[in-house]
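Report on the structure given below.
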Amino acid sequence: MKKILGLLGAISLVIPSTTLTISCGTNNKKINISTVVEKKALGIINESTEIQIRNAVILNNPNLVATDFEIENIIASEYSGTAKLIGKDKYNGEVLVSFIIVPSLEENVINTNLGIINNNSETTIRNAVLTKNPDINQNGFEIIEITTTSAILKGDDIFYNGTAPVEFTIAAPKPSLNSAITKKDLGTLIDNSATTIKNEVLALNPSLRPTDISISSITQTSARVNSTSSGRYTGSVNVTFTTQVVKPELSSALNTTNLGSLQNNNATTIQSAVLAKNSTLLASDISIDSITQTSARVNSTSSGRYTGSVNVTFTIQVVKPELRSVLTTTNLGSLQNNNATTIQSAVLAKNSTLLASDISIDSITQTSARVNSTSSGRYTGSVNVTFTIQVVKPELRSVLTTTNLGSLQNNNATTIQSAVLAKNSTLLASDISIDSITQTSARVNSTSSGRYTGSVNVTFTIDGTKPPKTDLENVITNINITTVLPSADSQLILDALIIDNPNLNPNYVRIYEAGFNQSSGWGWAKVTSTDENVYINPEKGYLDLTFKVDENLLATDLASVITNTNLGTLDKLDEITIKKQLSKLNPKLETNYVDVKNITETSATIVSNNSTKYKGSVNVSFELDTSKAVPLSSVLTNTNLGEINSTDENTIKQAIKLKNPNIDVNAIGIEPQSITTTGASVKSIDPTKYSGNSIQVKYSIDTSSAVDINTLIKNKNLQGISDNLDSGIIRNTLKFNSTSGINEQDLKITSKSNESAIIESNNLAKYKGSVQVQYEVKTLVGYHYDWGGNFENKIALNDKELLNSSYNVVNLSFLYSNVEYQMPTYSPNNPAAIKEGIKALQSQGKRVLISMGGATAEHMKFRSDQKDELKMAIKTVVEEYGFDGLDIDWESLSLKSSESKKVTALALKELKDEYKAEGKDFIITMAPEFPYLRQNSEGEGKGNYKEFLEELDGYYDWINPQFYNGWGDGVLVETAEDSLKTGVQQDSYITNDDVSKRGEFYYLMSKYITSKPNNTNAFYQIPADKFIIGASTNEPAGRGAGSKESFNRAYNLLNSDGIKIRGLMTWSILFDAFEGMIPTSYGGTNPEIMWYRWSYSKWFDESFGKLKTQK
């Protein structure tokens, strides 16, 4: 009632005030319909259909007829709604009307024949109606016009509307019970229990049946025998008796009725607690019934020493899930030490759902430890973890400090070793070995059995000879090393440098300050002369070297050590069991360096957790020993869970455990899509333990404490958001209502459009009601990476300025492989910081995607038979980091294989479908360089996006082409109209490099790609609402950058054509976050103009990010 009255009040507030507007034409005047519709609150209708609303309007405003108006924008919730009336014929204007939705009583009373009833009292008729129609609300109607054979049910206009007739037959009068009970003195009874009294009444009065009577009002000497509703008599009779022994009341011995916290509410558990709290009682004295979640009744037994019953209360301990259900990765790999803190950090890093407060560490050895759940944490139990400890040997160079061995008789390994030991006295012969010997140098290596690690180059002369003196630049002419190196090791760099510069004598140079970026693979180092009598250094004292690093060169391919991929039969389905069997069948494999992913009932994927040890992945297969499995139905017997306070998986599992104490809740799962407000499907997730089909459980939800979300979600204007997918709308709603305390999973979208959505509670135990939010889809995409460079600010993902910026999509670079048919990987410098940053961005309503490809992925290629492996590789990265989707940024050679593009598109489609089935969004976008969007680039061996565009049609969410680094490419002006608008002659080009016409370039590219067939330019077509202009942030970021003027010009020209594109993209956020002087040309080094931080995002705000409310 309060809810309906509240809705009535709320609806009355949205009725606009009456205004009179008359439209004047040349021959007639129309009346504004708002002046004629006097009753805008239409009252009650049965459903929000147009015909019912129209009838209600005419009923409340009889001066209108049906043809006077149209009805639009019907918005309805469960209880109320609004609609807009548009004037027709003699009326114009519009008016908003409201209504209350109350179902028809006649449609809900399905069974109107109540059959035979005892009498025609209102109570009897009501009970019969409810019995015949169990789904009807007992408070939703009153009973009127009662006769001996019929009555009228009248709706209360709150739960039901209208009337419904019912009919019945009144049963013949029953004889008085007094006529059947002639013997009312029962004599002496053994006790005064209802059963004893009833049995004696029946024995003394044999015409009675057990179903005829019930016993009440029992004293020590009397009781009342009542006729039952289903019996043959009417009335009551008092009987008397004496009892042999008067037992004391149970309450005299059961004094402590609050039993405290119990593990469960089983009768046995409750009885044990009663006996423990009340020591004079015996188990034979009591029995337990009337059990609820918080109370039970303790009854005296007939054979016991007491009489009566006592109610007891208790609380049930929260059943925490097992720690092993979330701590699934137990092999921690290689650790620096076995300190508890180090072990805990590794456990948390490998198992991202755990918190530090959930666990403690003990039982530590050199290779293992026990992880315990804490009393204050969210889990129970313990799990053993394993690891190896890194043996940290000192570097050989720390003791081999004298590297110039002077003049030697010869360059034999023995002679060189003796000279090294003589010059460096702390070394032992067993510490070192000699290789890479030349006429003037050698490499001294640490031995595996020695005390040191690494290598050191030593120099010497034989017979005192030296190369002729010259400039270092004369012998090092190639500073860009062509050999791909496995690491940035100084000796490896020097060896590769000699290959590219054969005239260089390595004895007189030194490599230093070497390093490389793991994400990009590019390395750097400096080389300097160690003897300027041989090589003369340049003025700055060194030469800069560059090279490419591929750590996989050091790694062993997993396929070469996992040769037995059929693991046979397993007795348990977990990572430890799989690894144990894997190691047994593949003894060369070191399982500390691998993880098990994508475990199913028949297969799993083995992946490396150390890129320098192993590379690639291997799929293994197995069977499960299900011989000991029991049917799930044999342990999940009680499927009615009663009342629960939430529909999350953990709460449902706790309720199942309470009702079925023998079940292992860690071996069952709740199917997410099956969860409703009344039930869910339970399935086995461990086939070795439980078998059989899913089982449906049912429950009711306690909604008594539900809070109306309207009171928590107060800011309903979300402004510009990246997308209108369900998760995006909810995420931004919570961003703008950060103090609401609502979790994302507690809300759901029930209806939406391009500009608004209805949000309702997805957890009726916590929240109720609905709310409508408004938004506009305005997308600003920025790329982010962790290597940085000149004129960039390597801003962290969780930086406050980035979190508050207009960038609502952040693409992280890159997921890639630079080896054909090898699965792509993502290797940021600091994975933990990236994961933390992603969560921070998402908390602010932003999307975070992983970008696949980039310039370093030119050799990335996949076969058709690698689809499943590729899908798993992508899914592993997405789920490890929590990405919202994937951006395709393939370039150059990687685009030449049609097969590779098709299988990638197919993997992404399957992945999106799988996430959709789980109720999750998975965003797919593309960032093609704009020449790849031309249809004339089609054909095997040519670079284009044809396969991606065609295969992912209906699956991709938007495309942001790169309109930069075009190197003179551009767009042809096709029509005279476009020539007039752009000021460029028809059939001539506007190139990407034309600064003065960059706005026109963006305009025509956008127009021809989204809204107009283009015969000459021959671009693929992309819908305008899925199209984003991509520009480099400034010239240092990419040739042909965006600008405030060019974006405003393109925005205005597109608006004049009615073309509404989605937004802007830029490479990159790091350039936009920089502030200072920058060059005016791509590749320039001389700073000439001032760049102000976040200029690009401000240009977006002033053009394609502008909201309708902004001028």
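All of the numbers you see were taken from the coordinates with simple rules; none came from a lab. Every value quoted in this text rests on a predicted model; they were computed, and no experiment measured them. Here Cβ is always computed from backbone atoms with ideal geometry, including for glycine, and neighbour counts include all displayed protein chains.
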Legend entry - Radius 12 Å from Cβ of Ile190, net charge of other residues (Lys, Arg +1; Asp, Glu -1): -1
Inset, instruction - Quick one: which residues, 5+ away or cross-chain, put their amide H under 5 Å from the amide H of Asn793? H built at 1.01 Å from N. - result: Phe1071, Ala1073, Phe1074
Inset, instruction - Can you pull a Stokes-Einstein diffusion coefficient for the range 973-1045 at 10 °C (1.306 mPa s), Rh from Kirkwood over Cα pairs, as a whole number of µm²/s? - result: 122
Legend entry - Equivalent ellipsoid dimensions for the range 710-776 as semi-axes, Å, which come from the Cα gyration tensor, largest first: 17, 12, 10
Legend entry - Residue-wise HN-Hα coupling along the range 346-354, computed from phi with Karplus coefficients 6.51, -1.76, 1.60 (Hz; x: Gly, Pro): 5, 4, 5, 5, 7, 9, 5, 7, 7
Legend entry - the range 1036-1082: trypsin sites (Lys or Arg not before Pro) in DSSP coil with no more than 16 other Cβ atoms inside 10 Å: Lys1060
Legend entry - Prolate/oblate/rounded label for the range 778-1101 (Cα gyration tensor, a/c 1.5): oblate
Inset, instruction - Please give the direction-averaged projected area of the C-alpha convex hull for the range 943-1074, in square nanometres with one decimal. - result: 8.3
Inset, instruction - For helix 267-277, report the angle its Cα long axis makes with the longest principal axis of the Cα atoms of the chain; keep it between 0 and 90° and round to the nearest 10°. - result: 90
Inset, instruction - State whether the range 677-819 is rounded, prolate or oblate according to the following rule on the C-alpha gyration tensor (a ≥ b ≥ c being the square roots of its eigenvalues): a/c under 1.5 gives rounded; otherwise a/b larger than b/c gives prolate, and the remaining case gives oblate. - result: oblate
Inset, instruction - Distance between Cα centroids, the range 900-963 to the range 248-311: provide it in whole Å. - result: 68
Inset, instruction - In square nanometres and to one decimal, what's the mean projected area of the convex hull around the Cα atoms of the range 630-701? - result: 4.0
Inset, instruction - Give me the lysines in straight-line cross-link reach of Lys90: C-alpha distance below 23 Å, same-chain residues under 8 apart excluded. - result: Lys29, Lys30, Lys39, Lys40
Inset, instruction - Label the range 407-451 by shape, choosing from rounded, prolate and oblate, from the square roots a ≥ b ≥ c of the eigenvalues of the Cα gyration tensor; if a/c is under 1.5 it is rounded, and otherwise prolate applies when a/b is larger than b/c, oblate when it is not. - result: oblate
Inset, instruction - Could you please report the charge total around Gly968, scoring K, R as +1 and D, E as -1 over all other residues with beta-carbon less than 13 angstrom from its beta-carbon? - result: -2
Legend entry - q = 0.12, 0.21, 0.22 Å⁻¹, the range 323-389: log10 I(q)/I(0) [Debye, one scatterer per Cα]: -0.24, -0.75, -0.82
Inset, instruction - Out of all DSSP beta bridges with both ends in the range 254-316, state the antiparallel percent to the nearest 5. - result: 75
Legend entry - the range 177-243 - Debye-derived log10 I(q)/I(0), Cα point model, q = 0.15, 0.16, 0.18, 0.27 Å⁻¹: -0.37, -0.43, -0.55, -1.26
Inset, instruction - Could you please report the charge total around Val201, scoring K, R as +1 and D, E as -1 over all other residues with beta-carbon less than 12 angstrom from its beta-carbon? - result: +2
Inset, instruction - On a C-alpha basis, how far is the centre of the range 754-804 from the centre of the range 382-436 in Å? Whole number, if you could? - result: 55
Inset, instruction - Holding the Cα-Cα limit at 25 Å, pick out from Lys84/Lys154; Lys132/Lys657; Lys653/Lys846; Lys794/Lys846; Lys716/Lys920 the pairs that are longer than that. - result: Lys84/Lys154; Lys132/Lys657; Lys653/Lys846
Inset, instruction - Considering only DSSP beta bridges where both residues belong to the chain, give the percentage that are antiparallel (nearest 5). - result: 60
Inset, instruction - Can you work out the PRE-style zone for Asn715? Point 7 Å along Cα to Cβ, and I want the residues of the range 836-866 with backbone N under 20 Å. - result: 839-848
Legend entry - the range 253-312: proportion of alpha-carbon pairs further apart than 20 angstrom, %: 13
